[in-house]
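The values are calculated or read from the model by the stated rules, or taken from the named source; none is laboratory data. This structure is a prediction, so every number in the text was calculated from the model and none was measured. A quick note on method: Cβ atoms are made from the backbone with ideal geometry, for glycine too, and the neighbour counts reach across all protein chains shown.
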Amino acid sequence: MKLLVNGLVKLICGIALVGLLVFLPAGTMNYLNGWLLCALLFVPMLILGAVLFLKAPDLLKKRLDTKEKEATQKGVVAFSGLIFLAGFIIAGLDHRFSWTKVHMAVVVVASVLFLLSYALYAEVMRENVYLSRTIKVHEGQKVVSTGLYGIVRHPMYMATVVMFLSIPLVLGSWIAFAVFLAYPFVIAVRIKNEEEVLSNELEGYKEYKEKVKYRMIPYIW
């Protein structure tokens with residue numbers, strides 16, 4: 001029951017926060033791109049949360065834990081928050097004052113990419129039961145090297161980068177997209193620190209890095 005309440009509270013708070021950050025700067029609730037994003041973001045989130053609650057409550061508990069202990073990761077989380085805050089507000093203002101316009105075809109493609117990245121994210125959680133939102137090694141944790149983890153070492157971050165770069169395009173703002181372009185560089189810092197922790201604390205991770213060469217983008221990085 002505690003897990004259910006925690007999950008519902010965070011979902012409701014997330015909906016309220018995104019709503020305020022999008023519709024308040026836009027100065028109107030008549031913002032179709034904003035409603036589209038809310039649907040793309042929270043409907044799959046609710047479905048995924050329900051599946052985890054019923055099938056893998058321990059994994060859901062890990063995903064709801066956002067208390068970072070690593071100093072570098074605290075900085076990454078704080079800077080990511082600033083990016084999202086600025087990006088959402090600018091997208092709303094862009095709609096309000098018509099600074100830029102994203103073609104509907106681009107919005108549709110971005111929406112499809114967002115859903116695909118969500119599906120990829122769900123697959124990563126299916127493959128890795130140790131997945132959490134904080135950087136730490138769990139008792140009995142083993143290196144996952146199959147499936148998507150046999151292609152890149154951090155498929156979850158690959159999914160989140162695609163997802164979050166899609167957000168400003170769904171909202172219809174090129175200026176917000178420029179703001180969100182900082183996010184992949186923040187993720188790169190997170191990955192570097194995470195791999196230092198895993199190499200030192202997780203048995204077999206150094207060998208895994210030798211086996212799977214690419215961190216997030218196959219044949220590139």
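Being loosely packed, with under 13 Cβ neighbours inside 10 Å, closer than 22 Å to Tyr183 by Cβ and at pLDDT below 90 is the requirement here; does Thr66 meet it? Reasoning before the result, please.
Values: loosely packed, with under 13 Cβ neighbours inside 10 Å: yes; closer than 22 Å to Tyr183 by Cβ: yes; at pLDDT below 90: yes.
Yes.
From the list Val189, Val137, the one residue that fits, being among the hydrophobic types (A, V, I, L, M, F, W, C), closer than 19 Å to Leu82 by Cβ and at pLDDT below 90, is Val189. Contact map, the stretch 109-121: first residue crowded, with 20+ Cβ neighbours inside 10 Å, second residue modelled with pLDDT of 95 or more and assigned to a helix (DSSP H, G or I), Cβ cut-off under 6 Å, separation 6 or more or different chains; pairs are Ala110/Ser166; Ala110/Leu169; Ala110/Val170; Phe114/Ser166. When Ser199 is tested against (1) touching a helix residue (DSSP H, G or I) at 6+ places or on another chain (Cβ under 7 Å); (2) touching a residue at least 12 places away in the same chain (Cβ under 8 Å), only condition (2) is not met. Restricting the search to the stretch 197-221, which residues are assigned to a loop (DSSP other than H, G, I, E, B) and among the charged types (D, E, K, R)? Result: Glu203, Lys213, Arg215.
Those residues that are assigned to a helix (DSSP H, G or I) and surrounded by fewer than 18 Cβ atoms within 10 Å (Cβ to Cβ), I need them from the stretch 163-183; list them, please. I'd like the intermediate steps shown before the answer.
Within the stretch 163-183, the first condition is being assigned to a helix (DSSP H, G or I), and the residues that meet it are 163-170, 174-180, 183.
Result: Trp174, Ile175, Ala178.
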